[in-house]
Amino acid sequence: MARSKIPTTAAIRALRAAKADFTPHVYSYVERGGTAASAAALGVDEHRVIKTLVMHDEQKRPLVVLMHGDRAVSTKALARALGVKAIEPCPPKVARKHSGYQVGGTSPFGLRKALPVYCEASILALERLIINGGKRGLLVEITPAVLTALVAPTPVSVAA
């Protein structure tokens, strides 16, 4: 795919600025299709497709959680791991305000605000992962080393 056909998002700009090694994947976005639809479109295992979730604690402090596409986040386990009373997903408008991205296109790269990032620990054991590139229908394939270098996620074990 020609470089010029890749949408220029804040995430793509952040990856390029860091001279990160990434492979973009453009696909036809399916409303409410989630990682199952994107994995099917790319012909990859859904476990390698990582979702980026914007959540907040009981005091409305935002955070980002990265989870395998075929798993869910246990908000109770995450709250325990962070030492807070409760964690819940942000409503879409609030998530967009914090991240700068539309829900379904949220990337951990190029966030509007610096937010703490947590990731399911097993993500870092993948050889390569596929994560949102900042727009619906745009994913980027990277190594866990790129993820670690750019967002320094805190590993947690919070899969439901």
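Rule-based calculations on the coordinates, nothing more; no lab input. Only a predicted model underlies this, so the values are computations on that prediction, with no experimental measurement involved. Cβ sites come from the backbone with ideal geometry, for glycine too, and all protein chains shown count toward neighbours.
Points to keep in mind about this one:
- Checklist (1) loosely packed, with under 15 Cβ neighbours inside 10 Å; (2) over 25 Å from SER28 (Cα atoms) applied to LYS93, failing item: (2)
- Complete set of residues in the stretch 35-93 that are under 25 Å from GLU127 (Cβ atoms) and in a loop (DSSP other than H, G, I, E, B): GLY43, VAL44, ASP45, GLY69, ASP70, ARG71, ALA72
- Lone unmet requirement of (1) surrounded by fewer than 17 Cβ atoms within 10 Å (Cβ to Cβ); (2) touching a residue at least 12 places away in the same chain (Cβ under 8 Å) for ILE123: (1)
- Filtered residues of the stretch 16-34 (kept if basic (Lys, Arg), part of a helix (DSSP H, G or I) and over 20 Å from VAL146 (Cα atoms)): none
- Test for THR9: is it touching a residue at least 12 places away in the same chain (Cβ under 8 Å) and within 27 Å of VAL158 (Cα to Cα): no
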